[in-house]
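Read through the structure below, which is laid out as structure tokens, and then see the notes.
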Amino acid sequence: MTTKEKELDTTGLLPPFQGEKKVEIIETPDTTMVTIILHEEDHTMGNSLKHILCSMPDVEFCGYNVPHPLEDKILLRVQTKNGVPARRILVDAFNHLETIFTQIGKMFETAYAKK
């Protein structure tokens, strides 16, 4: 695993993927910008990540799109302030999202057990 791959290691943060790669990184020489493709994901993941990233103080821009309704993937682009590595911010956002989804799962299980 290369240094860049270690910086964006999403093992355990995303659901199991059936294809070759769950996350594709579109390389640029600028470390403050990263564009990724998340396969087998939709607006749920895209909008959740965008919301978290936009609330982070070091993020200048974040946006996502679904290239086509029949394609099972999203493109996500993050631009950070000068000197802040975009990959680190993205990993932080994945970790934050995992915490939120775990909490939602626990709340659901608790509410379901009460019925």
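Bear in mind these aren't lab numbers, they're just calculated from the coordinates by the rules spelled out. It should be emphasised that the depicted structure is a prediction, and the values quoted were computed from it without experimental measurement. So basically every Cβ, Gly included, is an ideal-geometry build from the backbone, and we count neighbours across all protein chains shown.
Here each label is just a point 7 Å from Cα along the line to Cβ, and for E24 and A111 those points are 3.7 nm apart. Stretching the chain fully between N47 and N65 yields a gain of 5.6 nm (0.36 nm per residue, less the alpha carbon separation).
Return the Rg/Rh value of region 68-115, two decimal places, where both radii are evaluated on C-alpha atoms and Rh is the Kirkwood radius. Rounded to two decimals, Rg/Rh equals 1.20. Each listed q (0.17 Å⁻¹) maps to a log10 I(q)/I(0) for region 24-115, found by the Debye formula over equal Cα scatterers with no solvent: -0.74.
For region 40-48, backbone phi angles converted through the Karplus equation (6.51, -1.76, 1.60; θ = phi - 60°) give residue-by-residue couplings of 6, 10, 9, 4, 4, 6, x, 5, 5 Hz, Gly and Pro being listed as x. Converting phi to 3J(HN,Hα) with the Karplus coefficients 6.51, -1.76 and 1.60 and the offset θ = phi - 60°, region 64-71 yields 9, 8, 9, x, 7, x, 8, 8 Hz in sequence order, with x at every glycine or proline.
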